[in-house]
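Working notes for the structure below.
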Amino acid sequence: MDSHASPIPVPPIPVPPTAPAAGTTATPGADAPGGRRRIGTWAVALAFWAVTAGTTVPTPLYPLYERAFGFSPLAVTVAFAVYALAVVAGLLALGGLSDRYGRRPVAAAALLTALAAAVVFLLAEDLAALLVGRVLSGLAAALITGTATAHLAELAPADGRFRGGRLALAANMGGLACGPLLAALLADTTDWPLRAAWVAAAALLTAALAALAVAPETVTPSKRGTGSVARAPRVPTALRREFRHAALAAGAGFAVLGVLTAVTGLFLAEVAHLHDLLATAATVSLAFACTGTGQLLAARLGRAALPAACAGLIVAAGLIAAAVAASSLLPLLGAALTVGLATGVAVGHGIALIGARTAPGTRSRTVSAFFAALYTMLALPAVGVGALIGAVGLRTATTVFAAAVAALAAAVLLTQRAPARR
């Protein structure tokens, strides 16, 4: 991974399926034979996994790109921010496409967009190409997230919707965790460290595109020109206080994940003196895997979810600062585990809050607002830390950032306990 920036893939939690747009008819795939529906379910999960894995393939390769192309750490964080902002734009502008045109065509478009990104990276010779690849990756992630999550839920039997949601979560987080490991392994074991992973990613995406053909369609597309695919984000007035707390906690977690993945390679090389792509990839993958686990824990924690997430973020910030102060990998691994769990709990709490407190007709717009806030907080702090590293060095920049995250988490923890103003 880059010492400075890393793609976090798409929302670390699957976006709940939106209600079909006017003029569409959603079915649970009941008209398809059981065998085809089961195979189709795994085909959609493979597509989701392949796209999200592609978004994190560059993570351990950024130090190699820096040396090969001669750009600065700040440029890498800009590439990271471009990816996150592309996700936000895609979620807001294209969120209704699969309601209007069907799940399978939009999933295929996501795979083709991700395949185009892989080709751009495969042929890249400069920073401009990397930026183009990151934008395409962000759009692909935005297209696949809501589409595949909805498709998996609709393909599940009537009594298996929860299982469909878990499969979507596993595909999403599994892809995010596997991407860095695949890239690091191939970079370490082949003669084409900047190319081999993209050949493998392109092959996986092509296989997923072929497999998608067997997946039953669950939405009858509306007539062309009806409605809009864009949904302006909206938070109901009665929900704004709780929404703000959830978004700030989850956003703080996203910021830590972004900076953690962005500086892991730099930390290992310059502070811990460990030049190991697999160590970088394993640290990042641990954070993503724990984010998925944290989302499952959120439901069990109930009302304690938000306080637990804030406490976890404070602990993670302390572990990051300790890792830098002690020049040790062990506290950094602890930070990856802790911030992953805390972020997952915070995101799971936010999604549950939105699901329980919004009407179906406005729910997708509130979800869009939630993830727009999270991805904004994912992008901007990473760029800020990249600039700060150039000005004051890694140790000071990371310590300042960790203190800011701990302060924000503590503020959310204290204010969410205060009674709401009438």
Original post:
If you scan region 34-89, which residues turn out to be under 18 Å from residue 266 (Cα atoms) and without any contact (Cβ under 8 Å) to a residue 12 or more places away in the chain?
Top reply: 67, 70
Original post:
Could you list, in sequence order, the residues of region 355-377 that are at pLDDT below 85, of a type in the set (A, V, I, L, M) and either open to solvent by less than 50 Å² (accessible area, probe 1.4 Å) or outside any helix (DSSP H, G or I) (or both)?
Top reply: 359, 367, 369, 372
Original post:
Which one of the conditions (1) open to solvent by 10 Å² or more (accessible area, probe 1.4 Å); (2) at pLDDT below 85; (3) farther than 20 Å from residue 261 by Cβ does residue 169 fail to meet, given that it meets all the rest?
Top reply: (3)
**OP:** Kindly indicate whether any position in region 250-261 is crowded, with 24+ Cβ neighbours inside 10 Å and over 16 Å from the mean Cα position of the chain (by Cα).
**Re:** no
**OP:** Taking residue 85 as meeting all but one of (1) open to solvent by 40 Å² or more (accessible area, probe 1.4 Å); (2) at pLDDT 90 or above; (3) in contact with a Phe, Trp or Tyr (Cβ under 9 Å, 6 or more places away or on another chain), write down the number of the exception.
**Re:** (2)
**OP:** Within region 35-80, count every residue that is modelled with pLDDT of 90 or more, not aliphatic (A, V, I, L, M) and not in a helix (DSSP H, G or I).
**Re:** 1
**OP:** Check residue 323 against each of (1) in contact with a Leu (Cβ under 6 Å, 6 or more places away or on another chain); (2) open to solvent by 40 Å² or more (accessible area, probe 1.4 Å) and name the one condition it does not meet.
**Re:** (2)
Original post:
Counting only residues that are open to solvent by 60 Å² or more (accessible area, probe 1.4 Å) and not in a helix (DSSP H, G or I), which one in region 186-215 is nearest to residue 134 (Cα to Cα)?
Top reply: 195
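The values are calculated or read from the model by the stated rules, or taken from the named source; none is laboratory data. What you see is a predicted model; the values in this text were computed from it and never measured. Quick reminder, even Gly has a Cβ in these numbers, built from the backbone with ideal geometry, and neighbours come from all protein chains shown. SASA here: full protein model, heavy atoms, side chains in, ligands and nucleic acids out. Shrake-Rupley method; radii C 1.70, N 1.55, O 1.52, S 1.80 Å.
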